[in-house]
Amino acid sequence: MSSNAQLGDRKFIIGGFFCLIVLIYICRLFYIQLIDDQYLRSAQNNAFRYQTEYPVRGYVFDRNGKLLVYNSPSYDLMVIPRETKGCDTASVCEVLQITKQEYLRRIKKACQAPNSPRKESVFEKQMSPRTYAALQEKLYRFKGFFVQKRTVRKYPRPIAAHLLGYVGEISKEKAEKSTYYKEGDYIGISGIENSYESVLCGKKGTQIAITDVHNKVIGKYMDGKYDTAAISGKALYCSIDMDLQEYGERLMHGKKGALVAIEPSTGEILCLISSPSYDPNLLVGGKERSRNFTKLYYDTINRPLYNRALTATYPPGSTFKLIDALIAQNDGLISKSTVFPCNNGYPPGGGKPKCHPHGGGKDLIWSVAVSCNSYYSYVFREIVDQRKYPHFIDGYNHWRDMVKTFGPGTSLGTDLPFDKPGNVPSVKYYDKVFGKDHWRSNTIISLGIGQAELLLVPLQMANVATIVANRGYYYVPHSISGVGKPGVLDKRFKEKHYAGVQKQEYYENVIEGMQKCFEGGTASRSKIPDIIACGKTGTAQNPHGADHAEFQAFAPRENPKIVIACIVENAGFGHMWAAPITSLMIEKYLKGTITSPARLEIEKRMLEADFINGKTPIVETK
Amino acid sequence: MARNDKDIFYGVDRVTLLVYILLVVMGWLNIYAAVFDEEHQNIFDTSQKYGKQLIWITGAAIIAFSILVIDANFYTAFAYFFYGFFIIANILVVFLGREVKGSRSWFRFGDFGIQPAEFMKFATNLALAKFLSNQNIVVNQQFRLKLKDLIKNYKNTFIALLFILVPLILIKKLQDETGLAIVFIAFIIVLYREGLSVGFLIFGLLAAVLFVVALVVTNLTGLLITLAVISSASFLFVKRNKKNLILIVLVYLSAAGVVLATNYVYNHLEPHQKVRIDVLLGRGNVNLKKEGYNVNQAKIAIGSGGFFGKGYLQGTQTKYDFVPEQDTDFIFCTVGEEWGFLGSTIVIFLELFLILRVIFLAERQRSDYSRIYGYGVAVVLFFHLAVNIGMTIGLMPVIGIPLPFFSYGGSSLWSFTILLFIFIKLDANRLLILR
């Protein structure tokens, strides 16, 4: 008890401490309730109802001003579950053709998190115009329901699905991270819809309504002073030529592969075809969209959603010889007149890589025209093993660095959603595969003819051809030639990029060979009347089956207007499928029509060929 | 005396009783306001929370009467029994209880649930009072470093701390109910009242302050240097002898230890706890749509109340479910919004008045047991008050504990009622028995 007397004073300390804390709290309350008015303003915001006005998404035009993508109105039925009391439920079910159970299920869903019975949520997505018409008459009887107007994409022609991409509902995770998008909003998911989302999407408008305690709208806040109108998305001017794109898709129909065309003087993509493709109108709308998407997604044989032009990597095959020829000339190792022997392969006498019969050893120009494998095996060894470098590893690195200046192994920096670098194998890689010092230029000789681990995406192949056509430079390939209005463009697309070889003479030698390719060389059957075109065939071996047919070409020879890279998967020789298709595309683009009967015959054969559905084409022998 | 034996209200402190009833009724009306919706306007509708709360209140009244009827000796005699019983109940609930929001701390009976951790408070208070009243834990306040003396002096303190720490750790570790567990820390103040050296409290308080400072100040080296300067400077104001030098060095070293440990402790908190601390201190990017949502909405609701409030049932923030948990842990938002500064102050003062009244009553007890128990009641109530209101006005991190007598919930109302009424009964008997 005596201790209690000593400690008695502590009651004042404890009591005082309690009072002090409470005093601090009262001060704080005084501050937030009476002094600081930011909370009051926030509270008012909470009591406002923001009604969203969705903007019209930007239109997309092709390079000639033709409409590629536009919008059509669509109507979502929204519901505020709390306000549905006294609603004519049976009628709602009847109009929407749903059961009572379904109705209750949707209402329940609208009540659960993240939705709330007090807030609007979608009841029926994108009603058909007929349903909407039927509904509108009765809407006044459907308490708690209202219609939200939106737009969906429409495509006048069922083309360029891979390039344009599609629009869909934003994913939950993205919506949570974003300050602009809310769940249920639409966003570009692939293609240019995705890469130019910020331009196309426009800006949502809001109308601020004041609500009372019962969440009923009393009126407009400040007579609409702070309401904002939706701002439509900007128009995009796409660089593709709609007619060319459509023609190309028809030619590529029934074949797996890709075709990319570029205007070399600007880097604009004239067409970007990935085959098989699909009708972009399939991926529009609510229920329809998800059903069609599932169908396309699970077509694992054709993989129509797979963008081959931008994401499939192929060995470039013989088309790669152009780069070898340029590097070797640049290093002073070969000249126009250099001849290397060829007798069915390298080393001569049926070694590997094999070569097809083309009448013995050729000079540089004809080696390009007839695509001699032996020639480029020699060339590759000349480059890698040149005296200048003490060790062949340095030679190899030199070759690799030079190749990369032409684009392979680097991301080009396009405005497309995919920008794969492809692959030019490194020294490190080979050290791992063969062991350090256990490989020589001979071991990797097939790189010289564009085989082995060398991989390019079709867009890169087109870009390599562009460099040749431009005699040494390229613009970063891009699919949009104007944002908002034609010609308004990011400046990175107006900047020239130079390849490692700059001397015009070297390019002319190679180009001469490419012209001969059409005139007595491997693609002579695809010669285009009245047009001097330059091309290079390729036949890429691959682990997936028959060889890929490849072709790179540009025309006309002087001031080229169009560059094309074409790949037809597992179709055999490049000159049989890829070259004719490419030549038809060039003719169509430069002349507008195909007229001569011989050419029309080729066109017919190309259009009819269907590798996918089993109609195997007649394989001719050369 | 014979007449008074039959009157169960004999000796009952009317003031405490009145404040208690006032708080419970005000709480009920505010729960009605918090979950009000037009379709269920009947305040007696038991399908709604306010209807259920009425059932809880009725139950609480029955419990209160029962406590007053039972002989006061019962609570002292069975103190350890209660403690043991609820310790076991708190372990069993982990195996037999229903999982709610990831933790198993509820026994479910149909629509109603009971949380044994709530009842651990009064049981711990009973046991602690019993232990302390039988011991003399006044410690020698001299500065000694001999371990033997240390153990001898502090033996009873350690045992008393065990009484507090066992339920704390049990509830935290097994049931993962941080809010319910952390309340037991309040009992340290009881130990202080009963003689625990003030050094412990000051050290604890300083450590807490340093923890916060170390989290706010990012430049730890600078902080350590500042502390060193302050320590050295303080040497100028005390007697310059060896003892004080050692003391100051020790204080500095432990302060530095706290600062250095801060990051470690912070990094080992659970993510949601980190976020709550970040929200409180305004550290990093707090997203007001997500982790900062509760506190921000709570502040908006309270802050928009103004002086007189928006009027009963007129609060827009609480009505539209802007504030989560507004009927339980965030009930004070409804008060702040609808009753304004005036109402909030009245509620806080009522709670404070009740607490101070309990301290006053505790101090007039003749038995140590009753006094210690009374202090236990006061500190537990105060801890709830301080943390609950502190978090709604952004002065405390969000810890889910109820506002005494106010928040919705049977377990908490019953547990506070039991806690308080045992003391009222002890107080009523203060003149009859010397315990």
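Filter the range A:246-272 for residues that are touching a Leu at 6+ places or on another chain (Cβ under 7 Å) and in a strand (DSSP E or B) and give the result. Scanning the range A:246-272 gives A:Val260, A:Ala261, A:Ile262, A:Glu263, A:Leu270, A:Cys271, A:Leu272.
Filter the range B:355-385 down to residues that are basic (Lys, Arg) and part of a helix (DSSP H, G or I) and give me whichever is least open to solvent (accessible area, probe 1.4 Å).
B:Arg371
Tell me, yes or no, whether the range A:310-325 has at least one residue that is in contact with a Gly (Cβ under 6 Å, 6 or more places away or on another chain) and surrounded by fewer than 22 Cβ atoms within 10 Å (Cβ to Cβ). There is at least one residue in the range A:310-325 that is in contact with a Gly (Cβ under 6 Å, 6 or more places away or on another chain) and surrounded by fewer than 22 Cβ atoms within 10 Å (Cβ to Cβ).
Considering only residues in the range A:46-65 that are more than 31 Å from the chain's Cα centre (by Cα) and not in a strand (DSSP E or B), the one that is modelled with the lowest pLDDT turns out to be A:Asn46.
Filtered by the rule that a residue be of a type outside the set (A, V, I, L, M, F, W, C) and not in a helix (DSSP H, G or I), the range B:243-273 gives B:His268, B:Glu270. Helices (runs of 4 or more DSSP H) fully within the range A:91-173 that include at least 3 residues being under 30 Å from A:Leu259 (Cβ atoms): A:161-164. Can B:Val358 be described as of a type in the set (A, V, I, L, M), at pLDDT 90 or above and under 26 Å from B:Ile277 (Cα atoms)? Judged against the criteria, B:Val358 is not a match. The residue of the range A:368-398 that is nearest to A:Gln552 (Cα to Cα), among those that are in contact with a Leu (Cβ under 8 Å, 6 or more places away or on another chain) and of a type in the set (A, V, I, L, M, F, W, C), is A:Val368.
Identify all residues within the range A:293-334 that are farther than 30 Å from A:Leu272 by Cβ and in contact with an Asp or Glu (Cβ under 9 Å, 6 or more places away or on another chain); write none if there are none. Within the range A:293-334, A:Ala328, A:Gln329, A:Asp331, A:Leu333, A:Ile334 qualify.
Annotation for the range B:386-393: at least one member residue is buried (at least 22 other Cβ atoms within 10 Å of the Cβ), in contact (Cβ under 8 Å) with a residue 12 or more places away in the chain and facing chain A (nearest Cβ under 9 Å).
Filtering A:Lys154, A:Lys125, A:Lys149 for residues that are under 29 Å from A:Ile189 (Cα atoms), open to solvent by 30 Å² or more (accessible area, probe 1.4 Å) and at pLDDT 85 or above leaves a single hit, A:Lys154.
On inspection, A:Glu558 does not qualify as farther than 20 Å from A:Ala261 by Cα and surrounded by fewer than 22 Cβ atoms within 10 Å (Cβ to Cβ).
Residues in the range B:193-208 that are over 22 Å from B:Ala255 (Cα atoms) and of a type outside the set (Asp, Glu): B:Arg193, B:Gly195. No other residue among A:Val79, A:Val69 is buried (at least 20 other Cβ atoms within 10 Å of the Cβ), under 30 Å from A:Ile192 (Cβ atoms) and more than 14 Å from every other protein chain (Cβ to nearest Cβ) apart from A:Val69. If you go through the range B:40-55 and keep only what is closer than 17 Å to B:Ile331 by Cα and in a helix (DSSP H, G or I), you end up with B:Lys49, B:Tyr50, B:Gly51, B:Lys52, B:Gln53, B:Leu54.
Taking the conditions exactly as written (aromatic (Phe, Trp, Tyr), at pLDDT below 80 and not in a helix (DSSP H, G or I)), does B:Phe36 satisfy them or not?
When the stated conditions are applied, B:Phe36 passes them.
In the set B:Leu54, B:Leu22, which member is farther than 24 Å from B:Leu356 by Cβ and open to solvent by 30 Å² or more (accessible area, probe 1.4 Å)?
Selected residue: B:Leu54, the only one of B:Leu54, B:Leu22 that is farther than 24 Å from B:Leu356 by Cβ and open to solvent by 30 Å² or more (accessible area, probe 1.4 Å).
None of B:Phe421, B:Phe406, B:Phe353, B:Phe332 is over 15 Å from the mean Cα position of the chain (by Cα), farther than 21 Å from B:Asn134 by Cβ and away from every other protein chain (no Cβ under 14 Å) except B:Phe421.
Counting only helices (runs of 4 or more DSSP H) that sit wholly inside the range A:423-535, those with at least 2 residues that are over 26 Å from A:Val339 (Cβ atoms) and open to solvent by less than 40 Å² (accessible area, probe 1.4 Å) are A:427-434, A:458-469. Just one of the numbered conditions (1) more than 30 Å from B:Ser415 (Cβ to Cβ); (2) part of a helix (DSSP H, G or I) is not true of B:Lys239: (2).
Out of everything in the range A:386-407 that is charged (D, E, K, R) and at pLDDT below 85, what residue ends up being most open to solvent (accessible area, probe 1.4 Å)?
Step by step, filter the range A:386-407, then rank; the result is A:Arg387.
Can you spot a residue in the range B:406-429 that is open to solvent by less than 10 Å² (accessible area, probe 1.4 Å), touching a Cys at 6+ places or on another chain (Cβ under 9 Å) and either assigned by TED's automatic domain parsing to the domain that holds B:Leu128 or not in a helix (DSSP H, G or I) (or both)? No. Would you confirm, using the coordinates I've provided, whether B:Ala34 is touching a residue at least 24 places away in the same chain (Cβ under 8 Å), surrounded by 14 or more Cβ atoms within 10 Å (Cβ to Cβ) and within 14 Å of chain A (Cβ to nearest Cβ)? Considered against the rule, which asks whether it is touching a residue at least 24 places away in the same chain (Cβ under 8 Å), surrounded by 14 or more Cβ atoms within 10 Å (Cβ to Cβ) and within 14 Å of chain A (Cβ to nearest Cβ), B:Ala34 comes out as yes.
Of all residues in the range B:415-433, those that are more than 27 Å from B:Pro116 (Cβ to Cβ) have Cβ atoms under 9 Å from Cβ atoms of residues that are in a helix (DSSP H, G or I), 6 or more apart or on another chain, in B:Ala428/B:Leu68; B:Asn429/B:Asn73; B:Asn429/B:Ser370; B:Arg430/B:Leu361; B:Arg430/B:Ser370; B:Ile433/B:Asn73. Taking first residues from the range A:15-42 that are facing another protein chain (nearest Cβ under 7 Å) and partners that are modelled with pLDDT of 85 or more and surrounded by fewer than 15 Cβ atoms within 10 Å (Cβ to Cβ), the Cβ contacts under 9 Å between residues at least 6 apart in sequence or on separate chains come to A:Val22/B:Phe349; A:Ile26/B:Phe349; A:Gln33/B:Phe307; A:Leu34/B:Phe307.
The rows are residues; the columns are (1) in a strand (DSSP E or B); (2) modelled with pLDDT of 80 or more.
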residue: A:Asn194; (1), (2): no, yes
residue: A:His214; (1), (2): no, no
residue: A:Gly219; (1), (2): yes, no
residue: A:Gly233; (1), (2): no, yes
residue: A:Leu244; (1), (2): no, yes
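The values are calculated or read from the model by the stated rules, or taken from the named source; none is laboratory data. Predicted model only: the values in this text are computed from it and were never measured. No Cβ is skipped: glycine too gets one built from the backbone with ideal geometry, and neighbour counts run over all protein chains shown. Calculation scope for accessible area: heavy atoms of the full protein, side chains included, ligands and nucleic acids excluded. Shrake-Rupley method; radii C 1.70, N 1.55, O 1.52, S 1.80 Å.
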